[in-house]
Amino acid sequence: MGTWKNGTVAVVTGAAQGVGRATALRLAQEGVSVIVDDVQRDKLHSVADEITRAGGSAHPFVADVGVQSEVAALIDEAERVYGGVDILINNAVAYGGPEEADINVESTPDAAWDRTFAVNFYGAVWGTRYAIPSMQRRGGGVIVNVGSTSGFSGDTVHAAYAASMAAKYSLTRSTATSHGKRGIRANAIASGLILSPTARKNLSEEKLAAYDANLLVEDFAEPEDLASVIVFLASSESKYITGQTLTADGGFQAHQPWHAQNHIVHPQAPIHEPVLR
Ligand SMILES: NC(=O)c1ccc[n+]([C@@H]2O[C@H](COP(=O)([O-])OP(=O)(O)OC[C@H]3O[C@@H](n4cnc5c(N)ncnc54)[C@H](O)[C@@H]3O)[C@@H](O)[C@H]2O)c1
């Protein structure tokens, strides 16, 4: 996709599985050298091995992006191993703190707010802060902040997660504005449901059907489908796009909230048949 400078280096956080893994594999296929980061050491090493076996270049580094010094060490490692960073994909995610404690503003404990913001928001702040000097030395760079449509809509659960995603979008716009003329592009993605290992664990047939009733495309996305959007935003193909939050959600946010009950609200409308698979 597009053209990549010779020796382009990407850092992908949360790369041991799901969207991060798919993004790292895809970037490596494009000839980009990838520093893959995660807290799951064994899985992370497997991803790096998989990339290397396929002829790509990857280096695993275990860093908890919710800890500032570890994010600094991650960017240092990119400098040490590959000479710097051109692309930063802030993808690692904490879903609601320990034991799914993140429910609503009244009940979510401080520890869950703190951990959710540390990983989802501060991880991106620190990654961006430490990567920018390296990117500028190398003639510019690109940041992609992976987020969720939860950052746009209220829900009865995951108050901290949603707020952390909205903060990530604001950070994206500020970075694009303050550093655009200094060679840095920054964009975010508001993702809908992706069938990653974490998402699959929490999906019953009933829950999938409820989602399906609001999906405007044929199928739910696999991690590779979001990876291709991330790689597009990281590549020169998107060079005129910056400061944006691009929604990739199969149409969830595109329609009226009563879409799944449209036959009640608009009985005159043709019936919206569920897609047959
Ligand atoms: N899967 C979905 O349905 C969905 C929906 C909306 C948004 N997203 C977004 O897509 C991105 C990827 O989601 P996914 O479903 O692939 O997630 P996932 O849970 O499958 O993978 C996330 C990875 O991040 C790692 N991680 C967690 N905390 C970390 C930390 N502190 N430091 C380093 N790594 C850490 C995990 O070990 C894991 O490997 C996230 O930013 C998420 O917000 C996903």
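List of remarks:
- Count of the stretch 9-37 residues which are buried (at least 24 other Cβ atoms within 10 Å of the Cβ) and at negative phi: 20
- Among the residues examined, I264 qualifies as outside any loop (DSSP other than H, G, I, E, B) and β-branched (V, I, T).
- Hey, T23 in a helix (DSSP H, G or I), among the hydroxyl-bearing types (S, T, Y) and more than 15 Å from the ligand (Cβ to nearest atom) or not: no
- Failed criterion for D49 (all others in (1) more than 10 Å from the ligand (Cβ to nearest atom); (2) closer than 24 Å to W126 by Cα; (3) out of contact with any helix residue (DSSP H, G or I) (no Cβ under 8 Å at 6 or more places or on another chain) hold): (2)
- Sub-9 Å Cβ pairs linking a first residue in the stretch 167-195 that is without any contact (Cβ under 8 Å) to a residue 60 or more places away in the chain to a second residue that is among the aromatic types (F, W, Y) and more than 8 Å from the ligand (Cβ to nearest atom), at least 6 apart or interchain, are A167/F117; A167/F121; L171/F121; A188/Y169; L193/Y211; L193/F220; L193/F252; L195/F220, ordered by first then second residue.
- Output for the stretch 116-165, where each listed residue is part of a loop (DSSP other than H, G, I, E, B) and either farther than 30 Å from S236 by Cβ or near the ligand (Cβ under 9 Å from one of its atoms) (or both): S153, G154, D155, T156, V157, H158
- Taking the listed residues V32, V9, V93, the one that is in contact with an Asp or Glu (Cβ under 7 Å, 6 or more places away or on another chain), under 24 Å from T172 (Cβ atoms) and either within 13 Å of the ligand (Cβ to nearest atom) or of a type in the set (A, V, I, L, M, F, W, C) (or both) is V9, with no other qualifying.
Here, each number is a calculation from the coordinates, and none is a lab measurement. Not measured: the values here are computed from a predicted model. Don't worry about glycine lacking a Cβ; one is built from the backbone with ideal geometry, like all the others, and counts go over all protein chains shown.
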